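The values are calculated or read from the model by the stated rules, or taken from the named source; none is laboratory data. Remember, predicted model here, so these are calculated numbers, not experimental data. Cβ placement follows ideal geometry from the backbone for every residue including glycine, while neighbour counts extend to all protein chains displayed.
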Amino acid sequence: MKKDVIEPVALPTVTLEKPEIGNIELYRGLTGTVEPADMVTVTPKLGGEVTELLVKPGDMVAEGQIICQIDTKQVDSSRIAMETAAVNMSDAQANLSRMQVLYQTGDISQQAYEQTVNAAQLAKLQYESAKLAYDTQVEYSSITAPIGGMVESTGVEVHDTVSAQNVICVISGEGSKAVSFAVTEKIIGGLQVGDEIRIEKNGSEYIGKISEVSTMVDQATGLFNVKASLDNAEALATGLSVKLYVISEKADNAITIPVDAVYYEDGDPKVYTYSYDDNLVHKIDVETGVFDSERMEIKSGLSLEDNVIVTWSNELYEGASVNIANDSTETETADSGAADGETAE
């Protein structure tokens, strides 16, 4: 009776790769609003009637330029008080001059003379105080631009009665731009001042750096506000909505392997490795971290010396035998053995 011939099953061929040190960064797409890097809201320090508005939206202003005049109803009274104090000071000085002559000739007592000196000094202090009050009123009635830039908007008109809460205008600084956006608690944990962001608008790309990261939740949105400065973004108009990308998660100087080398059993990540010590496959439990479409962070379970199997085979299991594709280790071993044999001869 003819016996069946049992043909040996070919071993699966796998490719090995050692873990590498690398960085993995995951980007999240968000929407932001372009704004000037410097923006100032101008408000009056005292209430009054707007008598003159010297700017309109779109105007360029210089720092210190007068942009609005307000009748505070106190300039005239302050001026009168100052002029009255000036007259009193002049009279006190004239009286002091007369008393000095009388005192030197002995016609008045030292006490009377000292009283005249004190009166003159008091009159001088009263004048200086009145002048300061007047100068302050004049300053408050003339609203000036705190920075140079463009007037984005105005909030008053001539003959309006304003208070310290009214906005005269909003001025944006010249040149540089910024973008503001809001993120969730999960994303805010991975953002730091100095981190780079990328912005896309109308086919152009702009690079910026995070300059402000809020540590408090915005009560209106439940999100954290973030601001980033932009480079060479003068073409972006203030108030424009843009698409931006920030790093939501990252791993620096991490042990990484190809994503396809990680398998899951009941939700637990596993990696197959090959050992040249026993020429067998071993299944390793690993702790994974951040991953992208190509690489995955391995937090524990592997070292840089491990030989990770990066090709899939349904014949992989603990203790399996496999063929190694492009096995440089075996080739080196064979070459070494041959060299040793030649030496022995």
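Quick check on region 13-25: of everything there that is of a type in the set (A, V, I, L, M, F, W, C) and surrounded by 15 or more Cβ atoms within 10 Å (Cβ to Cβ), which residue is farthest from Glu212 (Cα to Cα)? Ranking the candidates gives Val14 first.
Filter region 166-179 down to residues that are modelled with pLDDT of 85 or more and either within 24 Å of the chain's Cα centre (by Cα) or surrounded by fewer than 19 Cβ atoms within 10 Å (Cβ to Cβ) (or both), then give me how many there are.
Of the residues in region 166-179, 6 are modelled with pLDDT of 85 or more and either within 24 Å of the chain's Cα centre (by Cα) or surrounded by fewer than 19 Cβ atoms within 10 Å (Cβ to Cβ) (or both).
When the residues of region 226-257 are filtered to those that are in a strand (DSSP E or B) and among the β-branched types (Val, Ile, Thr), the one that is modelled with the lowest pLDDT is Ile247.
So if I check each of Ser90, Ser78, which one is in a helix (DSSP H, G or I), of a type in the set (S, T, N, Q) and over 18 Å from Ala119 (Cα atoms)? Unique residue meeting the criteria: Ser78. Output the residue which, of all residues in region 208-245 that are charged (D, E, K, R) and touching a residue at least 24 places away in the same chain (Cβ under 8 Å), is surrounded by the most Cβ atoms within 10 Å (Cβ to Cβ). Filtering first and then ranking leaves Lys227.
Do you know which residues across region 43-93 are of a type in the set (A, V, I, L, M, F, W, C), within 20 Å of Tyr134 (Cβ to Cβ) and within 34 Å of the chain's Cα centre (by Cα)? The answer is Ile66, Cys68.
Of Ala182, Ala112, Ala123, all but one fail to be in the same structural domain as Asn88 (by TED's automatic domain parsing) and either assigned to a strand (DSSP E or B) or buried (at least 16 other Cβ atoms within 10 Å of the Cβ) (or both); the exception is Ala123.
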